[in-house]
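Chemist: Below are the structure tokens for one structure; questions will follow.
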Amino acid sequence: MITRSIFGNSVELFRFVLQTACITHCTWEFIGDFVMCSGPSMEPTLQTNNILLTEHMSPRFQRLCKGDIVIAKCPRNPKQYVCKRITALPGDKVRGHFPGRSQVVPRGHVWLEGDNSNNSADSRVYGPVPQGLIRSRVVCRIWPLNKISSLSE
């Protein structure tokens, strides 16, 4: 009798843990998550160790706008993520890799730049970024507490 009770409680606990893990995974994967910034490329808007709340719906449904700050896989190192601002959308004309030359952002791509243009490796270095590399759009800064603010436009 005690064995059945312990077994039954263990099964219920396992079921609860599994359901919680599945809900948490789906939330982080499909709805949004938290990201910690590192590096100077988005200064003064964002500093190293700022924690951001991001959402994943805008990139999935291609609802990104100029001015949005996004988290994307780095085109040169897919194991690394970058935090940059969208400065041009498909069809927009931008200054390209070479001084004095402009180019049009191709369909399915965006132009990403860091706010700290003197210290940012971005589309001016690696060109237009495929929209499929964008993981999320930054909604707000939640840390440090004295700098909580919305970063959506």
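The values are calculated or read from the model by the stated rules, or taken from the named source; none is laboratory data. The model shown is predicted, which means the values in this text are computed figures rather than measured ones. Every residue, glycine among them, receives a Cβ derived from its backbone with ideal geometry; neighbour counts consider all protein chains shown. Just so you know, the surface numbers come from the protein's heavy atoms only, side chains and all, with ligands and any DNA or RNA stripped out. Shrake-Rupley method; radii C 1.70, N 1.55, O 1.52, S 1.80 Å.
Chemist: If you take the residues in the range 43-71 that are more than 26 Å from K147 (Cα to Cα) and out of contact with any Lys or Arg (no Cβ under 9 Å at 6 or more places or on another chain), which one is surrounded by the fewest Cβ atoms within 10 Å (Cβ to Cβ)?
Modeler: Checking each candidate, the answer is F61.
Chemist: Could I ask something else about it? Checking I142 against (1) in contact with a helix residue (DSSP H, G or I) (Cβ under 9 Å, 6 or more places away or on another chain); (2) within 22 Å of E43 (Cα to Cα); (3) of a type in the set (A, V, I, L, M): exactly one of these is not met. Which one?
Modeler: (1)
Chemist: In addition: Can you tell me how many residues in the range 80-111 are at pLDDT below 90, open to solvent by 80 Å² or more (accessible area, probe 1.4 Å) and assigned to a strand (DSSP E or B)?
Modeler: Number of matching residues: 1.
Chemist: Just one of (1) open to solvent by less than 50 Å² (accessible area, probe 1.4 Å); (2) part of a loop (DSSP other than H, G, I, E, B); (3) of a type outside the set (A, V, I, L, M) trips up R141, so point out which.
Modeler: For R141, the exception is condition (2).
Chemist: Looking at this structure, is C74 under 23 Å from K147 (Cα atoms) and open to solvent by less than 70 Å² (accessible area, probe 1.4 Å)?
Modeler: Working: under 23 Å from K147 (Cα atoms): no; open to solvent by less than 70 Å² (accessible area, probe 1.4 Å): yes.
No.
Chemist: So is Q62 in contact with a helix residue (DSSP H, G or I) (Cβ under 9 Å, 6 or more places away or on another chain), modelled with pLDDT under 85, of a type outside the set (F, W, Y) and in a loop (DSSP other than H, G, I, E, B) or not?
Modeler: On the way: in contact with a helix residue (DSSP H, G or I) (Cβ under 9 Å, 6 or more places away or on another chain): yes; modelled with pLDDT under 85: yes; of a type outside the set (F, W, Y): yes; in a loop (DSSP other than H, G, I, E, B): yes.
In short, yes.
Chemist: Sort through S10, S41 and tell me the only one that's closer than 26 Å to V129 by Cα and of a type outside the set (D, E).
Modeler: After ruling out the rest, the residue left standing is S41.
Chemist: Another question about this same structure. Out of the residues in the range 112-138 that are out of contact with any Asp or Glu (no Cβ under 8 Å at 6 or more places or on another chain) and assigned to a loop (DSSP other than H, G, I, E, B), which is surrounded by the fewest Cβ atoms within 10 Å (Cβ to Cβ)?
Modeler: Initially, the range 112-138 is screened for residues out of contact with any Asp or Glu (no Cβ under 8 Å at 6 or more places or on another chain), giving 117-118, 121, 125-135.
So of that shortlist, the ones also assigned to a loop (DSSP other than H, G, I, E, B) come out as 121, 127-128.
Numbers: A121: 15, G127: 17, P128: 22.
Filtering first and then ranking leaves A121.
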